[in-house]
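To start, the structure under review is shown below, and the notes come after it.
The values are calculated or read from the model by the stated rules, or taken from the named source; none is laboratory data. The shown structure was predicted, so the numbers you read here are calculated from the model rather than taken from an experiment. Backbone-built Cβ (ideal geometry, glycine too); neighbour counts: all protein chains shown. In case anyone asks, the SASA skips ligands and DNA or RNA and just uses the protein heavy atoms, side chains included. Shrake-Rupley method; radii C 1.70, N 1.55, O 1.52, S 1.80 Å.
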Number of protein chains: 4
Amino acid sequence: MALKGLLRASMAQVRVLNIDDSVHFYRDVLGLVEVGRAGDKVFFKGYDEFDHHTFAIRKADKPGLDFLAFKVSDNGYLDAFEAKTKAFGLPIETIAPNSDQPGYGKRLAVSLPNGHRIDLFVDVEQAKQTPGLHNPEVLPNGKLPVGCGCIAFDHALLFGPNSAQTVKYFREVLEMGLVEVLKAPDGNGDICSWLTGSNRPHDVAVLEFEQPGKVHHFAFKLEDWNHIGRCADFLTMNDVVIDAGPMRHGITRGYTIYFFDPSGNRVETFAGGYAYYPDMPTRVWDFDQVGKGIFYYSRRLQDNYLTVVT
Amino acid sequence: MALKGLLRASMAQVRVLNIDDSVHFYRDVLGLVEVGRAGDKVFFKGYDEFDHHTFAIRKADKPGLDFLAFKVSDNGYLDAFEAKTKAFGLPIETIAPNSDQPGYGKRLAVSLPNGHRIDLFVDVEQAKQTPGLHNPEVLPNGKLPVGCGCIAFDHALLFGPNSAQTVKYFREVLEMGLVEVLKAPDGNGDICSWLTGSNRPHDVAVLEFEQPGKVHHFAFKLEDWNHIGRCADFLTMNDVVIDAGPMRHGITRGYTIYFFDPSGNRVETFAGGYAYYPDMPTRVWDFDQVGKGIFYYSRRLQDNYLTVVT
Amino acid sequence: MALKGLLRASMAQVRVLNIDDSVHFYRDVLGLVEVGRAGDKVFFKGYDEFDHHTFAIRKADKPGLDFLAFKVSDNGYLDAFEAKTKAFGLPIETIAPNSDQPGYGKRLAVSLPNGHRIDLFVDVEQAKQTPGLHNPEVLPNGKLPVGCGCIAFDHALLFGPNSAQTVKYFREVLEMGLVEVLKAPDGNGDICSWLTGSNRPHDVAVLEFEQPGKVHHFAFKLEDWNHIGRCADFLTMNDVVIDAGPMRHGITRGYTIYFFDPSGNRVETFAGGYAYYPDMPTRVWDFDQVGKGIFYYSRRLQDNYLTVVT
Amino acid sequence: MALKGLLRASMAQVRVLNIDDSVHFYRDVLGLVEVGRAGDKVFFKGYDEFDHHTFAIRKADKPGLDFLAFKVSDNGYLDAFEAKTKAFGLPIETIAPNSDQPGYGKRLAVSLPNGHRIDLFVDVEQAKQTPGLHNPEVLPNGKLPVGCGCIAFDHALLFGPNSAQTVKYFREVLEMGLVEVLKAPDGNGDICSWLTGSNRPHDVAVLEFEQPGKVHHFAFKLEDWNHIGRCADFLTMNDVVIDAGPMRHGITRGYTIYFFDPSGNRVETFAGGYAYYPDMPTRVWDFDQVGKGIFYYSRRLQDNYLTVVT
């Protein structure tokens, strides 16, 4: 395949304070499918995904991101990534199949320089409820999506120190494309980088931040601007606090809404954005244009944008 | 990069009967940017593309497709494709840089078993008018697109004999993903296959047909269903004959309009469709469901669909 | 009020062959709210309407329209319409409150020259489930609409003889605006007229036809082109035969889908169209442009359009 | 006609500081058609309107609204409004045909209790460039709208004292419908009222404010949420400061963007909203829900909303 090695950001596990509220939020409001529960965790997927689950919540004392997992095309690449990660000098551990994520095969957990953990894996069981494969309807089983109708897990924005080294890892070891960058205030180097494994305008973004392992937001995919509007309606009718949007990013050109889950994690629903190819030049933003880059319509960085993280 | 080797169907040259009418159609109605002219040819690109040109028309006695070109990530892959093509047993020729396509480097022209020619290339100059790269607006130069506002060249559906062998070439040599297939009436083998190099639901489709080298349609990309509607309005107001749509395909789930250029070539504007990944199963259509697969809303294959080709 | 006298086409009763299939169709697929049942009838309303019910089905041996009812602003106008109807020479009968339509007050049933019956009324109970009136959400009770999510009853197209006299009645007695007309093939007079009581581009349309009392279609309202697309998806996924569309009318400029209920009645979902005001000139269509007027995109009158009626 | 008397808010004249900047803004960015100039004024209309002009700018030392004009169906109503206005006790003056607004017949200028002036008129010449009337395309002359593509003048929100008396005038003399109200903080009376003459959710709104004759915003109509998004893109690309939105109002349910013209007048582009009929109950908002009423998604009244007026 022309698309091989790292395929996509395909799963995240986040910490929540309360399971019931969170299930209501992710299942009934965002419209993810609840796949199952185990211990202090609940597993979900978007209606248009094939993997066993693509989102997990874990009950904990404080919110945040446990890890972001990337799917890899085959074990040849997984082995190569393991060797290259070690050569790069990052800690890497093997997680046994089905040990903490039902349906998942072996995962490699990498400790990134920015304090985040990412997992790499090839094998995962196919979900019971998937898009149709034989004379399929355009929606699984011909049913309308629930609530906001999130299609799939999409990406996350990771805050932490040593972002240059983290980006170097994503670029050199995982061979991701560098889609856009935001330059530092003094013009030396980038303070934020958007990276992808495919046509998606980003699978992950990395921002330089003092505290390690902080997540700014993780995002689920919607189809278009019209679905963004419907999602904003439904969030509001369900008393979800909308932090920003509906609006558009200058960076990626995506349509977006930011809001908070009941535990205070910032969540995004994201649609659109251009189709990236590796023969495209990286787009560059000056620091004084960050308002336009993130909040394309108001052109002002909202006060809490760089400070409220989990 | 995770996306390497064959990147995309990135250029096509088609035959037209009259240059002026065709320029009006492709530039003023579809909204492609006219890049330049040379001899009996005119070159165009979509407003959101970086390559020198992605569509060429050539004055000729009858309509049809001269060739479909695929961009390759680097010369290592191009050399490998050349060797594998020869090993596969297909004729392959080298076209010198700038010989017939201004701005293009070396191309390899492969004669497919279905009577079509495809070109493979790595190098092409960047267009003068591209999307912004430095604090960019969401549209190039902040200008609204012209007419139907076609974003980019998207794909083509090729008719011809020996489609199984042609698909085998796309799969084994060019390493494309097999996204969907339509089975033969007797259930033995496929009569149509949709193939991709990336997340696009198709870069090329191949249908078994008696006459070699026939093209059913080539397609340009639009953003979403709303743009499909606007495009239908604009086509109609410009007296373009709409053959089918606005509608949706069951296959790829894309939104679509089919219509004819002034020379009788069938053109499609296409939007949406799911994001394909190579870990997805191939979707399979039975022959008696072809109506639903192509004409999702009417569920009937329109009479001229399989017979009017150029 | 500036809007007084005849307010709108606000209710229709149609004949169906089977109650269960029809309830599934109108409630589960089109998304009307089932309000109640009485005898051989079932009553429905759109989720955004206030009247007790706005659509009724009645079990019968053959499909068709029993009557179309128009709401009138007050009894002063109702009395005036009664007197003017008698002066115009049309049969008019009084239907006692709650006799056949639960929740409805007195109605006047007028026999039109084209063989149709229309009812005029002022009083109807407010439905139990209405849009919110106190700090309301944008959707009733904050719930997403069901299925195609039809908002409200919209209009009907009535076929029958003596259409000129029928239009004269709508214009002179009910004081409706003449929004658009389709001229007869010989240019003498109109064979179809679109009439309204308000900003709606039509509450009723009247076409000259040999057989009296035939209905071409009745229509429910959707919000916009995107909802038309979603409706087409949902109809298809529920095996409803789509007769035409999604498309646009040149006449009224509305977005539209035509399809059939399980009894063979043609139903339309309709969105958009311009806002009519009585100071606007009537728009005129030549007969040879009827294709463009009705099927704006294909510009060809579909074969069954003038022949399949109930 | 069922729609008679006051038809709509159909024209406004506003004060601007600079003609050239304002013409660029209203013509090239918002997409109004420039109809002509006279003295210190420039006249515009939306592409889908029939009246000679529906918006005028006048060069002045400070921004603001000179007057809002309402079209009346016929001279019988105009005479009746004149008599009733005098009986109501408001100053009313006659403005001679063509004296200050080219193409306009006689107008009656009423001084409202809130310090605003409104004009009432029947006669106005038809514009040279109107929607088609004979086999029309869906857009005038088959041309795409310019810039944001504003369709028509829509409404204005007037600030000033004595709003209860002003509303009483709109209700009792001009017979407008009371669509929604915002109650005062102490629950006694309304501090804002939304009024209409037709199905539009508002032609004018009136808010209690200390200073007389202040305008909060005036609005132009767009087709739907997708056009609101395109408008936000185009405003941003033209460096227009977006004050709020794209978003939705709880009140009227309309989709909206607020922004400022080069003179500091707040302008709105507005789409959607339900179709009002006079048999609908008035919707009531408690003062502590005003955030949800105006800023449906953020549910917080933006700081400058009640203070920045012209």
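Structure notes:
- Test for A:VAL308: is it out of contact with any helix residue (DSSP H, G or I) (no Cβ under 9 Å at 6 or more places or on another chain), in a loop (DSSP other than H, G, I, E, B) and either open to solvent by less than 10 Å² (accessible area, probe 1.4 Å) or more than 22 Å from D:LEU235 (Cα to Cα) (or both): yes
- Of the set (1) in contact with a helix residue (DSSP H, G or I) (Cβ under 8 Å, 6 or more places away or on another chain); (2) in a loop (DSSP other than H, G, I, E, B), all apply to A:GLU49 but (1).
- Any hit, region A:213-232, residues being open to solvent by 30 Å² or more (accessible area, probe 1.4 Å), within 14 Å of chain C (Cβ to nearest Cβ) and not charged (D, E, K, R): yes
- Pair list, Cβ under 6 Å, 6 or more apart: region C:85-109 residue under 19 Å from C:GLY5 (Cα atoms), other residue of a type in the set (Phe, Trp, Tyr): C:PHE88/C:TYR169; C:ARG107/C:PHE121
- When region D:286-305 is filtered for residues that are crowded, with 21+ Cβ neighbours inside 10 Å and part of a helix (DSSP H, G or I), the ones remaining, listed by number, are D:VAL290, D:LYS292, D:GLY293, D:ILE294.
- Filtering region B:30-40 to residues that are under 23 Å from B:ASN98 (Cα atoms) and either part of a loop (DSSP other than H, G, I, E, B) or of a type in the set (Lys, Arg) (or both) leaves B:LEU32, B:ARG37, B:GLY39, B:ASP40.
- Scan of region B:235-253 for residues that are open to solvent by 10 Å² or more (accessible area, probe 1.4 Å) and closer than 26 Å to B:SER22 by Cβ, ordered by number: B:MET237, B:ASN238, B:ASP239, B:VAL240, B:VAL241, B:ASP243, B:GLY245, B:MET247
- Set B:LEU7, B:LEU78: member being touching a residue at least 12 places away in the same chain (Cβ under 8 Å), closer than 15 Å to B:ASP154 by Cβ and either touching a Gly at 6+ places or on another chain (Cβ under 7 Å) or not acidic (Asp, Glu) (or both): B:LEU7
- Failed criterion for D:ARG283 (all others in (1) farther than 24 Å from C:GLY132 by Cα; (2) crowded, with 23+ Cβ neighbours inside 10 Å hold): (1)
- A single member of A:GLY213, A:GLY197, A:GLY187 is among the small types (Gly, Ala, Ser) and modelled with pLDDT under 95, and it is A:GLY187.
- A:THR269 under 20 Å from A:LYS183 (Cβ atoms), within 19 Å of the chain's Cα centre (by Cα) and not small (Gly, Ala, Ser): no
- Out of C:ASP20, C:ASP48, C:ASP61, C:ASP28, one residue alone is over 17 Å from C:PHE218 (Cα atoms) and without any contact (Cβ under 8 Å) to a residue 40 or more places away in the chain. It is C:ASP20.
- Within region D:84-203, strands (runs of 3 or more DSSP E) holding 2 or more residues that are in contact with an Asp or Glu (Cβ under 9 Å, 6 or more places away or on another chain) and crowded, with 22+ Cβ neighbours inside 10 Å: D:107-111, D:152-160, D:190-196
- Any hit, region A:69-79, residues being among the β-branched types (Val, Ile, Thr), touching a helix residue (DSSP H, G or I) at 6+ places or on another chain (Cβ under 6 Å), within 14 Å of chain B (Cβ to nearest Cβ) and part of a strand (DSSP E or B): yes
- Count of region B:38-68 residues, restricted to those that are of a type outside the set (Phe, Trp, Tyr) and farther than 26 Å from B:GLY132 by Cβ, is 15.
- Qualifying residue in region B:183-203 (condition: of a type in the set (Asp, Glu), over 30 Å from B:ARG230 (Cβ atoms) and in contact with a Pro (Cβ under 9 Å, 6 or more places away or on another chain)): no
- Number of positions in region C:276-300 that are facing chain D (nearest Cβ under 10 Å) and within 16 Å of C:TRP225 (Cα to Cα): 1
- Which listed residue, of C:ALA87, C:ALA80, C:ALA164, C:ALA156, is touching a strand residue (DSSP E or B) at 6+ places or on another chain (Cβ under 7 Å) and modelled with pLDDT of 95 or more: C:ALA156
- Count - residues of region B:1-12 that are open to solvent by less than 10 Å² (accessible area, probe 1.4 Å), on the phi < 0 side of the Ramachandran plot and within 14 Å of chain A (Cβ to nearest Cβ): 7
- Residue count, region B:233-253 (criterion: in a loop (DSSP other than H, G, I, E, B) and within 14 Å of chain D (Cβ to nearest Cβ)): 3
- Residues that are more than 21 Å from A:LEU207 (Cα to Cα) and not hydrophobic (A, V, I, L, M, F, W, C), drawn from region A:275-294: A:TYR277, A:PRO278, A:ASP279
- Considering residues of region C:172-199 that are of a type outside the set (A, V, I, L, M) and out of contact with any strand residue (DSSP E or B) (no Cβ under 7 Å at 6 or more places or on another chain) only, the residue nearest to the other protein chains (Cβ to nearest Cβ): C:ASN199
The rows are residues; the columns are (1) among the charged types (D, E, K, R); (2) open to solvent by 30 Å² or more (accessible area, probe 1.4 Å); (3) not in a loop (DSSP other than H, G, I, E, B).
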position: B:VAL14; (1), (2), (3): no, no, yes
position: B:PHE25; (1), (2), (3): no, no, yes
position: B:ASP28; (1), (2), (3): yes, yes, yes
position: B:VAL42; (1), (2), (3): no, no, yes
position: B:ARG58; (1), (2), (3): yes, yes, yes
position: B:LYS62; (1), (2), (3): yes, yes, no
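- Test: residue in region A:254-274 that is open to solvent by 10 Å² or more (accessible area, probe 1.4 Å), more than 8 Å from every other protein chain (Cβ to nearest Cβ) and either among the aliphatic types (A, V, I, L, M) or within 23 Å of B:SER198 (Cβ to Cβ) (or both): yes
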